[in-house]
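S.K.: Structure provided below as C-alpha cells; questions to follow.
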Amino acid sequence: MKALEYTDYGKAPVVAERPVPEAKTGGVLVKIAGAALNPLDTKIRAGYMTDFFPVAFPYVPGTDISGTIEAIGDGVSGWKPGDEIVARLDPSQGGAFAQYAVVSADQLVRAPTSMPLAESAGLVTVGGTAWQILFEEFAVASGQRVLVHGAAGPVGAFAAQLAAQAGAEVFATASAADADYVRGLGAATVIDYRCARFEDHLFDMDLVIDTVGGDVEERSLKVLKQGGTLIATPMPPNEERARQAGVEAKFVFHASDAAKLGHVAERADHGIKVRVDRIIGLEEGADAFARQAGGEAKGKIIFEPQR
Ligand SMILES: NC(=O)c1ccc[n+]([C@@H]2O[C@H](COP(=O)([O-])OP(=O)(O)OC[C@H]3O[C@@H](n4cnc5c(N)ncnc54)[C@H](OP(=O)(O)O)[C@@H]3O)[C@@H](O)[C@H]2O)c1
C-alpha cells in the first residue's frame, strides 16, 4: 500500500510502499477513505511533542481517519466488512496517512451519514476536543455566555456550533474575512481580532475557549465573570494568575474515546459541519504539512489515500 512517512523529526514526509497491516485479535482492517491533518501532526513532525508522543522512525503520521471495514480480526463482534467508520489512532503509533490501517474495535464509531465519508475524518480530533471542553471539562448550559477565540479554526468552529446548539450565547473572535462564516456557526457577536481588542467590548463570560494562546490568555481573564472558566487548547494556561483574578483556567488534553467520538458523529448528523480547506492525495503531503504549519489552511486538510 501507499503511505506517507518520514524518517526523522523535521524531515519532509514522502510517499513510500508499505505492507498492508493485518487485522489481529480485537482489531479490524480499515480501507481509509479520508485522513485529516491536524496541528498536532505538524508539532509531532517538528519534534515538539517527544515528551507526550514519542515516535519510532520511519513514522507514518496522522491520527484521524474515516473509511470502510475491509477485514475483521478474531474476537470482534458488532462490526462487519463494508461498515463505514471514523476513528482516532494513537498519535505515537500514527498510521492515518496511508491506504489501510488496523484499528482496535473498541475505538470504532459509525461514520455520520450526513457528509461525504472522506470529509468525516475532519471531525475526529477537533470534534472530540470541542466536546471534551464543553461537556467534560465544563458543563455548558442554555443562556450561558461563551467566548470562542479562533472560532474560524476547526476546533473553535466545532466548539461554537456545539455551544450554540446547547443554547449558549456565543461570542467569537475571528478575522473580518471569516465573520460571516462564524456568524453562520451560531455566533451572535463576532469581533475582528486584527482591528479590535475584544476585552474592550466583552464582559461577564461564563466560559472562554482559547484556541489561540499568547496574550489572548491574559486578556481573556478580564472578560470572565467572577468564578468563570478559561479553557485553553494550545498551551497550559497560568492557573495561579487566573486564581488571583478570581477565575479558573485549565488546559484540555484531548483523550481518544469512542463514546465521545460517537457523540461528535451524532452531532454531525444534527447539522454540525466541518469546513474543508482542501482534499488532496498523499503525494501532496509535504505541501500540506507546510500549509498547516504556516497557518494558511482555512479548515481541514483531508487526504484521500486511495487516489
Ligand atoms: N490540547 C489539545 O488536546 C488540542 C486538541 C486539538 C487542537 N489543539 C490546538 O488548538 C489550536 C487550534 O487548533 P485548530 O485546529 O483549530 O487550529 P488552526 O487551523 O490553526 O486555526 C486557528 C484559527 O485561529 C485564528 N486566529 C489566529 N490568531 C487569532 C487571534 N489572535 N484571535 C482570534 N483568532 C485567531 C486563525 O484565523 P486566521 O486564519 O485569520 O489566522 C484560525 O482560524 C492549535 O494550537 C492546536 O494544536 C490542542
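The values are calculated or read from the model by the stated rules, or taken from the named source; none is laboratory data. Please read these numbers as outputs of a predicted model, since none were measured by experiment. Glycine also receives a Cβ, built like all others from the backbone with ideal geometry; neighbour counts cover every protein chain displayed.
S.K.: Quick check on region 242-250. Is at least one of its residues crowded, with 20+ Cβ neighbours inside 10 Å, within 16 Å of the ligand (Cβ to nearest atom) and either more than 20 Å from Thr173 (Cβ to Cβ) or over 16 Å from the mean Cα position of the chain (by Cα) (or both)?
M.R.: Yes, some residue in region 242-250 is crowded, with 20+ Cβ neighbours inside 10 Å, within 16 Å of the ligand (Cβ to nearest atom) and either more than 20 Å from Thr173 (Cβ to Cβ) or over 16 Å from the mean Cα position of the chain (by Cα) (or both).
S.K.: Away from the ligand (no atom under 16 Å from the Cβ), in contact with a Leu (Cβ under 9 Å, 6 or more places away or on another chain) and of a type outside the set (Gly, Ala, Ser) - does that describe any residue in region 110-132?
M.R.: Checking region 110-132: at least one residue is away from the ligand (no atom under 16 Å from the Cβ), in contact with a Leu (Cβ under 9 Å, 6 or more places away or on another chain) and of a type outside the set (Gly, Ala, Ser).
S.K.: Identify, by number, the condition in (1) more than 10 Å from the ligand (Cβ to nearest atom); (2) farther than 13 Å from Val247 by Cα that Gln226 doesn't meet.
M.R.: (2)
S.K.: Next question, about the same structure. Select the helices (runs of 4 or more DSSP H) contained entirely in region 186-282, then report the ones holding at least 1 residues which are touching a residue at least 60 places away in the same chain (Cβ under 8 Å) and either at positive phi or outside the structural domain of Phe171 (by TED's automatic domain parsing) (or both).
M.R.: 258-268
S.K.: Could you tell me whether any residue of region 277-285 is farther than 25 Å from Tyr100 by Cβ and not small (Gly, Ala, Ser)?
M.R.: The answer is no; no qualifying residue exists.
S.K.: Give the residues of region 207-223 that are more than 10 Å from the ligand (Cβ to nearest atom) and over 23 Å from the mean Cα position of the chain (by Cα), sorted by residue number.
M.R.: Glu218, Leu221, Lys222, Val223 - these are the residues of region 207-223 that are more than 10 Å from the ligand (Cβ to nearest atom) and over 23 Å from the mean Cα position of the chain (by Cα).
S.K.: Restricting to region 36-68, count the residues that are within 15 Å of the ligand (Cβ to nearest atom) and surrounded by 16 or more Cβ atoms within 10 Å (Cβ to Cβ).
M.R.: Going through region 36-68 one residue at a time, the tally reaches 16.
S.K.: Confirm whether Asp106 is within 30 Å of Ala166 (Cα to Cα) and outside the structural domain of Ile231 (by TED's automatic domain parsing).
M.R.: Taking the combined requirement at face value, the residue satisfies it.
S.K.: When residues of region 288-307 are filtered for being within 16 Å of the ligand (Cβ to nearest atom) and either within 21 Å of Ser175 (Cα to Cα) or surrounded by fewer than 20 Cβ atoms within 10 Å (Cβ to Cβ) (or both), how many remain?
M.R.: So the count comes out to 12.
S.K.: Any idea which of Phe138, Phe97 is under 17 Å from the mean Cα position of the chain (by Cα) and not aliphatic (A, V, I, L, M)?
M.R.: Phe97
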